[in-house]
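All remarks here apply to the structure that follows.
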Amino acid sequence: MVHYRSFLFLMLVLCGWAVGCAPSRYLMSENTQTALPEEAVRNAKDYLVNNPDWKIDCSHFVLACYHSGKINRFLKHQKGNHNLVRDLNIYLESQNTRRVHAADIRPGDILIFNKTYDINHDGHIDDKDLYTHIGIVEDYQNGMVTYIDASDDRKPPRIHLRRFSFVDDKFNETVARDPATGRKIHARETFHAAYAVN
């Protein structure tokens with residue numbers, strides 16, 4: 001297992017690509033076998049425990065956990081310097097695996113978020129700030145989503161276990177603040193979609 005993780009990290013470094021929700025650096029080989037959802041969750045938990053300070057952005061964290069050659073083949077054909085979260089959303093939409101109801105969310109699903117920061121640099125965080133964050137579902141019970149995410153802009157630890165509830169405001173953390181108005185933006189309002197990975 002240690003040798004595999006070393007190989008995975010080496011592949012991430014060697015297969016650099018300049019796209020992402022933040023400046024990005026890592027993609028896996030196109031020939032890599034896609035992890036099953038259970039394995040992706042195990043990988044995310046392992047990074048959370050054993051490498052919580054890893055300086056990796058959210059989209060590449062998800063790619064590292066799934067190490068999917070199929071996804072990387074799709075991404076390789078995207079032109080220009082794109083928002084990798086948006087490109088991953090396009091890929092996942094093309095697979096027709098979007099969870100229609102929150103109750104359908106399962107461990108290993110990929111969560112897409114909007115409005116977690118001012119991606120278009122217009123001085124506001126609003127409905128124009130799309131595809132700004134991504135994470136992996138660790139658990140879902142009774143309307144509560146627990147997920148693992150990363151951000152290379154965070155102070156260490158950069159990998160976090162987070163949660164929000166679709167039904168209980170007590171579990172709806174503030175994830176951003178609009179720089180123009182000071183309005184708090186909560187996790188539930190940033191949720192865009194959940195997708196199964198196949």
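Can we say ARG154 is outside any loop (DSSP other than H, G, I, E, B) and not hydroxyl-bearing (Ser, Thr, Tyr)?
No; evaluated as a whole, the condition is false for this residue.
I need the full set of residues from region 110-133 which are open to solvent by 40 Å² or more (accessible area, probe 1.4 Å) and among the hydroxyl-bearing types (Ser, Thr, Tyr), in order please.
Scanning region 110-133 gives TYR117, TYR131.
Is it the case that region 134-152 has a residue that's farther than 21 Å from GLU38 by Cβ and crowded, with 24+ Cβ neighbours inside 10 Å?
Looking for residues that are farther than 21 Å from GLU38 by Cβ and crowded, with 24+ Cβ neighbours inside 10 Å, one finds none in region 134-152, hence no.
Considering only residues of region 167-198 that are surrounded by 15 or more Cβ atoms within 10 Å (Cβ to Cβ), part of a loop (DSSP other than H, G, I, E, B) and modelled with pLDDT of 95 or more, which is farthest from the chain's Cα centre (by Cα)?
Per the stated criteria, the residue is ASP178.
Considering region 40-65 alone, what residues qualify as being farther than 11 Å from ASP149 by Cα and either part of a loop (DSSP other than H, G, I, E, B) or without any contact (Cβ under 8 Å) to a residue 12 or more places away in the chain (or both)?
Selection gives ARG42, VAL49, ASN50, ASN51, ASP53, TRP54, LYS55.
Kindly provide the set of residues from region 157-166 that are open to solvent by less than 50 Å² (accessible area, probe 1.4 Å) and either part of a loop (DSSP other than H, G, I, E, B) or not aromatic (Phe, Trp, Tyr) (or both), ordered by number.
Of everything in region 157-166, those that are open to solvent by less than 50 Å² (accessible area, probe 1.4 Å) and either part of a loop (DSSP other than H, G, I, E, B) or not aromatic (Phe, Trp, Tyr) (or both) turn out to be ARG158, ILE159, ARG162, SER165.
If VAL85 satisfies every condition in (1) outside any loop (DSSP other than H, G, I, E, B); (2) of a type in the set (Val, Ile, Thr); (3) without any contact (Cβ under 8 Å) to a residue 60 or more places away in the chain but one, which is the exception?
(3)
Quick test of your reading of the structure: ASN72 fulfils all but one of (1) over 26 Å from GLU39 (Cα atoms); (2) assigned to a helix (DSSP H, G or I); (3) among the polar types (S, T, N, Q). Name the failing condition by number.
Checking ASN72 against (1) over 26 Å from GLU39 (Cα atoms); (2) assigned to a helix (DSSP H, G or I); (3) among the polar types (S, T, N, Q), the one that fails is (1).
What residue, of ALA150, ALA176, is touching a strand residue (DSSP E or B) at 6+ places or on another chain (Cβ under 7 Å), closer than 20 Å to ASP87 by Cβ and of a type in the set (Gly, Ala, Ser)?
Unique residue meeting the criteria: ALA150.
Show the residue pairs that are 6+ apart or on different chains and have beta-carbon atoms under 9 Å apart, the first residue being within region 130-144 and touching a residue at least 40 places away in the same chain (Cβ under 8 Å) and on the phi > 0 side of the Ramachandran plot, the second being surrounded by 19 or more Cβ atoms within 10 Å (Cβ to Cβ) and aliphatic (A, V, I, L, M).
TYR131/LEU84; TYR131/VAL85; TYR131/LEU88; TYR131/ILE112; TYR131/ILE119
Residue-wise test of (1) farther than 23 Å from THR174 by Cα; (2) open to solvent by 40 Å² or more (accessible area, probe 1.4 Å); (3) not small (Gly, Ala, Ser).
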position: LEU63; (1), (2), (3): yes, no, yes
position: GLN78; (1), (2), (3): yes, yes, yes
position: VAL85; (1), (2), (3): no, no, yes
position: SER94; (1), (2), (3): yes, yes, no
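The values are calculated or read from the model by the stated rules, or taken from the named source; none is laboratory data. Remember, predicted model here, so these are calculated numbers, not experimental data. Glycine also receives a Cβ, built like all others from the backbone with ideal geometry; neighbour counts cover every protein chain displayed. Just the protein is used for accessible areas: all its heavy atoms, side chains included, with ligands, DNA and RNA removed. Shrake-Rupley method; radii C 1.70, N 1.55, O 1.52, S 1.80 Å.
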